[in-house]
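Quick notes on the structure that follows.
The values are calculated or read from the model by the stated rules, or taken from the named source; none is laboratory data. Remember, it's a predicted structure, so these values are computed and weren't measured experimentally. Don't worry about glycine lacking a Cβ; one is built from the backbone with ideal geometry, like all the others, and counts go over all protein chains shown.
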Amino acid sequence: MLKIENLHVEVAGTPILKGLNLYLPKGEVHAIMGPNGAGKSTLAYVLAGREGYVVTKGKVTFMGEDLLSRPIEERAQAGVFLAMQYPVAIPGVTNLYFLREALNAVRTARGEERLSGVEFMKLAKKKAALVELDPELLKRAVNDGFSGGEKKRNEIFQMAVLEPRLALLDETDSGLDIDALRVVSQGVNTLRSPERGMLVITHYQRLLDEIIPDVVHVLFDGTIVKTGGKDLALELESKGYADIRTAAGAPA
Amino acid sequence: MTQHGLDAIVDKAYDAGFVTNVAQDVLEAGLDESTVRFISAKKGEPEWLLEWRLAAFRRWQKMVEPTWAKVHYTPIDYQNIHYWAAPKRDEDKPQSLADVDPELLAMYEKLGVPLSEREILAGVAPSGREVAVDAVFDSVSIITTFREKLAEYGVIFMPISEAVHAHPELVMRYLGSVVPTTDNFFAALNSAVFSDGSFVYIPKGVRCPMELSTYFRINAENTGQFERTLIVADEGSYVSYLEGCTAPQRDENQLHAAVVELVAHTDAEIKYSTVQNWYPGDAKGKGGIYNFVTKRALCEGDRSKVSWTQVETGSAITWKYPSCILKGDDSVGEFYSVALTRGYQQADTGTKMIHLGKRTRSTIVSKGISAMHGQQTYRGSVRIAKKAEGARNHTQCDSLLIGSDCGAHTVPYTEVSCPSARLEHEATTSRIGEDQLFYCRQRGLSEEQAVGLIVNGFAREVLKELPMEFAVEAQKLLGVSLEGAVG
């Protein structure tokens, strides 16, 4: 589903990703772990197409097609979803309206019919229940005045509505207390599907207690330095990144 | 307009030599007393009104164009403007739709202005519900719909030029009572040369059964439009009124200087909405309407209420401060504004809330959106008089910037002479961020859709004050006007 080959990315002239390779087959959940500054968020942004993340070398194919040449919204319409670390607020635009417009933009791009207000409302209520999102939040402006937990839950709710083929979760656990973490994780788990690939980016192992990954990759200084099963995350948790640093030839 | 074109108008208007000569004098000299007399004669006005106009004109000649607004434009040559333009056969003014020139009807249809009562009643008109319309084209009213139905309720809705004859006592009593002829340079000019506009009277205790609206269209070249609107809501009555405006695209600037006066008696309420879409000039700042407008309401009676809502997307220059004089005790004034400046548009707009009565309340919500090279100033004044015990004001001014070449400015004035008054002022400036656009696009929306969504969200608090259909229209205007404003 997603194939990243020798990806090099610069931000403001500084190389961040330095030859990253990764293969994510559909139906699998892969975790990307790594210390601060390793390039985890850069990977998420460059896959989503954010401005300022300049690909200098390499290739990314998604569903057999080149991903990097397409504008942000086309990637989204093709099924790439990024649950953001810091979701922004859009004052005055209700969550419901925003998401209905987004879903209809995606549907239109795929040649499907727009959903009516009534049909969308039904769908939204169902999906909100899935992530235990307070229905009142649907009527509020997008992320405006939301708590940290509400924002993250809202991201997963949007993901549930948009039903992407590829879900990128960027530090979804940051700023969540243990209960919120459990709810968000359950939401993600219910969205696991043989047709969907997920890339879970996290600094900490605790998220991976709830969302059990099929594969764990360790990202360090712009490349994947180690790949393993779910036990790799536990190993990192107990030993920290020191061994990885040493193995990569960096001072610990 | 060419010499030939004006000749043709004067020709059809006055077969006799005298008027033609006067008209030609007007042409030669631009604006002088004969222009004023010419307009007054065209309307067959009574002597008192001609004198009223002339007095205004004489004062205007001694006045100086104001320069305090934060707008820059090439000086207006008042002698180079035509002060009268009307479609042919004005003399046999159409009384029914069948008599209106099909070309004009086609134009209104294209503009989406519903003029056919039958179609509206049958539910096939675009608006889908009953709205009475007064259609003002350059200097004259073309038709006013639903007059008979409104008359059943005692509601008067007609061109002001007709009201002068049909209801002289009302016009004489209220004309200039809120905006005196000498109020300001542009109001004085309007008082001297106004050609048409709407007159509304809602009798005691009547809730006007439908929305009233006036649609202003400037069509002729090098012609100014000087309309005059007067709305009187008698005790305990209610009316919702809307004005819309458009003009063709031309390279020359054209002047629009209107005066709107509202009077709300005891327990009466007037809701006045504007969707202003005059030609704004091209992307390089060439052409566009100069919109210098004086709008003021007098909340004369106790517990009266006036609410101004404006969506300003057009005009090269906007100079406009719809205001409320809160004279009655417990009277309420509201001002909700969304203004969009793009290209090289400049807007200096805001309101004045003058609290005279006890426990008077006012609310000001101003939302300014600037894009490209647009420049915008909110200028607002809140005055609380000594006797206005317990008066309250809440002001909120928000500015949204799109791109880096535009500007937003806030100039609030307050003058409080009563210690028990309470005033609040909030102001914010924000920029449409790359992060917001990225967020929207990541969810599948195009950049255009994303900007439209963010702008509409920003303006929502004001748009929700508009009657439903007009809110939809305004939303479209805000969306459409931003095409190509980003990136």
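Of the set (1) surrounded by fewer than 18 Cβ atoms within 10 Å (Cβ to Cβ); (2) closer than 24 Å to residue B:353 by Cβ, all apply to residue B:395 but (1). Residue-level check: of (1) touching a residue at least 40 places away in the same chain (Cβ under 8 Å); (2) assigned to a strand (DSSP E or B), residue A:27 misses just (2).
Residue pairs whose Cβ atoms lie under 8 Å apart, sitting 6 or more positions apart in sequence or on different chains, and linking a residue in segment B:297-312 that is more than 11 Å from residue B:361 (Cα to Cα) to a partner that is at pLDDT below 95 and part of a loop (DSSP other than H, G, I, E, B), are B:307/B:465; B:309/B:465; B:309/B:466; B:311/B:466. Listed by position, the strands (runs of 3 or more DSSP E) contained in segment B:238-308 that have at least 3 residues being within 15 Å of the chain's Cα centre (by Cα) and more than 22 Å from residue B:477 (Cα to Cα) are B:259-264, B:288-299. Out of all the residues in segment B:428-435, is one or more in a helix (DSSP H, G or I), within 20 Å of residue A:84 (Cα to Cα) and more than 8 Å from every other protein chain (Cβ to nearest Cβ)? Looking for residues that are in a helix (DSSP H, G or I), within 20 Å of residue A:84 (Cα to Cα) and more than 8 Å from every other protein chain (Cβ to nearest Cβ), one finds none in segment B:428-435, hence no. For segment B:34-76, which residues satisfy the criterion of being touching a helix residue (DSSP H, G or I) at 6+ places or on another chain (Cβ under 8 Å), in a helix (DSSP H, G or I) and loosely packed, with under 15 Cβ neighbours inside 10 Å? Within segment B:34-76, B:48 is the sole residue that qualifies.
Residue-wise test of (1) modelled with pLDDT under 90; (2) farther than 12 Å from residue A:29 by Cα; (3) surrounded by fewer than 16 Cβ atoms within 10 Å (Cβ to Cβ).
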{"residue": "A:148", "(1), (2), (3)": "yes, yes, yes"}
{"residue": "A:168", "(1), (2), (3)": "no, no, no"}
{"residue": "A:187", "(1), (2), (3)": "yes, yes, no"}
{"residue": "A:190", "(1), (2), (3)": "no, yes, yes"}
{"residue": "A:201", "(1), (2), (3)": "no, no, no"}
{"residue": "A:228", "(1), (2), (3)": "no, yes, yes"}
{"residue": "A:241", "(1), (2), (3)": "yes, yes, no"}
{"residue": "A:247", "(1), (2), (3)": "yes, yes, yes"}
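In segment B:354-376, the residue that is farthest from residue B:280 (Cα to Cα) out of those that are surrounded by 24 or more Cβ atoms within 10 Å (Cβ to Cβ) and under 20 Å from the mean Cα position of the chain (by Cα) is B:364.
Criterion first (more than 9 Å from chain B (Cβ to nearest Cβ) and modelled with pLDDT under 95) does residue A:67 satisfy it? Against the criterion (more than 9 Å from chain B (Cβ to nearest Cβ) and modelled with pLDDT under 95), residue A:67 does not qualify.
Determine, yes or no, whether residue B:405 is part of a loop (DSSP other than H, G, I, E, B) and on the phi < 0 side of the Ramachandran plot.
Judged against the criteria, residue B:405 is a match.
Comparison of A:110, A:114 shows that the only residue that is surrounded by fewer than 22 Cβ atoms within 10 Å (Cβ to Cβ), over 26 Å from residue B:458 (Cβ atoms) and of a type in the set (D, E, K, R) is A:110.
Residue by residue, here is whether (1) over 17 Å from the mean Cα position of the chain (by Cα); (2) within 14 Å of another protein chain (Cβ to nearest Cβ); (3) part of a strand (DSSP E or B) holds:
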site: A:10; (1), (2), (3): yes, no, yes
site: A:23; (1), (2), (3): no, no, yes
site: A:43; (1), (2), (3): no, no, no
site: A:46; (1), (2), (3): no, yes, no
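Annotation note: of B:389, B:424, B:415, B:461, the sole residue that is charged (D, E, K, R), more than 9 Å from chain A (Cβ to nearest Cβ) and surrounded by 16 or more Cβ atoms within 10 Å (Cβ to Cβ) is B:389. When residue A:100 is tested against (1) out of contact with any Lys or Arg (no Cβ under 8 Å at 6 or more places or on another chain); (2) without any contact (Cβ under 8 Å) to a residue 12 or more places away in the chain, exactly one condition is not met: (2). Residues of segment B:208-223 that are of a type in the set (Asp, Glu) and surrounded by fewer than 19 Cβ atoms within 10 Å (Cβ to Cβ): B:221 alone.
Could you grab me the full set of residues in segment B:349-393 that are hydrophobic (A, V, I, L, M, F, W, C) and in a strand (DSSP E or B)? The answer is B:353, B:354, B:364, B:365, B:369, B:371, B:382, B:384.
Output the residues belonging to segment B:224-236 that are surrounded by 24 or more Cβ atoms within 10 Å (Cβ to Cβ) and outside any strand (DSSP E or B). Across segment B:224-236, the qualifying residues are B:224, B:226.
On the basis of being among the β-branched types (Val, Ile, Thr) and out of contact with any Leu (no Cβ under 8 Å at 6 or more places or on another chain), does residue B:455 make the cut? No: the conditions fail for residue B:455. Of the residues making up segment A:63-107, those that are charged (D, E, K, R) and buried (at least 22 other Cβ atoms within 10 Å of the Cβ) are A:73, A:75.
Looking at segment A:48-64 only, could you name the residues that are facing chain B (nearest Cβ under 8 Å), of a type outside the set (Gly, Ala, Ser) and either touching a residue at least 24 places away in the same chain (Cβ under 8 Å) or within 21 Å of residue A:162 (Cβ to Cβ) (or both)? A:50 - this is the single residue of segment A:48-64 that is facing chain B (nearest Cβ under 8 Å), of a type outside the set (Gly, Ala, Ser) and either touching a residue at least 24 places away in the same chain (Cβ under 8 Å) or within 21 Å of residue A:162 (Cβ to Cβ) (or both). Condition test on residue B:164, is it over 17 Å from the mean Cα position of the chain (by Cα), surrounded by fewer than 24 Cβ atoms within 10 Å (Cβ to Cβ), among the β-branched types (Val, Ile, Thr) and farther than 30 Å from residue B:32 by Cβ? Criteria not met by residue B:164.
Of the helices (runs of 4 or more DSSP H) lying entirely inside segment A:81-185, the ones with 1 or more residues being within 13 Å of chain B (Cβ to nearest Cβ), among the basic types (Lys, Arg) and within 17 Å of the chain's Cα centre (by Cα) are found at A:148-162.
Return the total of residues in segment B:425-479 being free of Cβ contacts under 8 Å to residues at least 24 places away in the same chain and among the polar types (S, T, N, Q). The number of residues fulfilling the criteria is 6. Within segment A:70-80, being small (Gly, Ala, Ser) and either within 8 Å of chain B (Cβ to nearest Cβ) or outside any loop (DSSP other than H, G, I, E, B) (or both) holds for A:76, A:78.
Taken over segment B:440-450, the residue count meeting the criterion of being facing another protein chain (nearest Cβ under 7 Å) and buried (at least 24 other Cβ atoms within 10 Å of the Cβ) is 5.
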